[in-house]
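To start, the structure itself, in structure tokens.
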Amino acid sequence: MVSLQFITHETDRYNTLESAIMALEGGCKWIQLRMKEATLEEIERVALKLKPLCKEHEAILVIDDHVELARKLEVDGVHLGKTDMPVDQARSILGEAFIIGGTANNFEDVLMHYRAGADYVGVGPYRFTRTKKNLSPVLGAEGYATLINRMKEAGISLPIVAIGGITNEDIPELLQLGVNGIALSGSILQAEDPREETKRIINGYL
């Protein structure tokens, strides 16, 4: 599991593709293409441009939500939110070669994804974030610690990626708690130079 996942996001300064390119150029090896308000055609258009760039940078490309599109474009995988297709159903469509991740907010979510055969869980939110609508209850460091302990007690070994309003200053504590990866979006794109910010995060923490 890679340590830094970049979740694409459109801002006043950058479009979705530009945001992903800057993360790649900064050394990020995992891009999650997330375009919640876009049509399937728009997502496909961006994904087709992004796929060869990810290959060039030896980075993983995961599409948010759309299982059939992930299969059609032969990207590396798909990330499924709480209201998306269940992980086991996606696995039956995609097979074992694709990476499948699921969103989790509590132990029950993690257990469900684990039993369904997920490759990792994106657990959050760490704190309030404006990049996601219909936000689940905020976990904070205490929530992650409790969840990770329950996973250990249950013998569940599943990579955890922390997500949701995370800043650079939060990363050491989250890694110390035992998460396997950090998902970032706003903290990189709000920086003066997102490329350099990505490099700084990878070199400094991950």
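The values are calculated or read from the model by the stated rules, or taken from the named source; none is laboratory data. Since this is a predicted model, take the numbers as computed values, not measurements. We place every Cβ from the backbone using ideal geometry, glycine too, and count neighbours over all the protein chains shown.
Below is a table of values for the structure above.
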| quantity | calculated |
| --- | --- |
| Condition check for Ser157: under 30 Å from Leu94 (Cα atoms), among the polar types (S, T, N, Q) and either assigned to a loop (DSSP other than H, G, I, E, B) or within 17 Å of the chain's Cα centre (by Cα) (or both) | yes |
| Yes/no for His57 being farther than 25 Å from Gly117 by Cβ and touching a Gly at 6+ places or on another chain (Cβ under 9 Å) | yes |
| Tabulated pairs, the stretch 148-167, first without any contact (Cβ under 8 Å) to a residue 40 or more places away in the chain and among the charged types (D, E, K, R), second surrounded by fewer than 20 Cβ atoms within 10 Å (Cβ to Cβ) and assigned to a loop (DSSP other than H, G, I, E, B), C-beta under 9 angstrom, 6+ apart or interchain | Lys152/Gly178 |
| Test: Asp84 is surrounded by fewer than 17 Cβ atoms within 10 Å (Cβ to Cβ) and farther than 23 Å from Ser19 by Cα | no |
| Set Ser157, Ser185: member being among the hydroxyl-bearing types (Ser, Thr, Tyr) and either surrounded by fewer than 18 Cβ atoms within 10 Å (Cβ to Cβ) or at pLDDT below 95 (or both) | Ser157 |
| Number of the condition not met by Glu18 [criteria: (1) in a loop (DSSP other than H, G, I, E, B); (2) free of Cβ contacts under 8 Å to residues at least 24 places away in the same chain; (3) closer than 22 Å to Asn168 by Cβ] | (1) |
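So that you can scan it fast, the table gives a plain yes or no per residue for (1) surrounded by fewer than 18 Cβ atoms within 10 Å (Cβ to Cβ); (2) over 23 Å from Ile182 (Cβ atoms); (3) at pLDDT 95 or above; (4) not β-branched (Val, Ile, Thr):
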| residue | (1), (2), (3), (4) |
| --- | --- |
| Gly26 | no, no, yes, yes |
| Ile31 | no, no, yes, no |
| Leu40 | yes, yes, yes, yes |
| Glu56 | yes, yes, yes, yes |
| Lys72 | yes, yes, yes, yes |
| His79 | no, no, yes, yes |
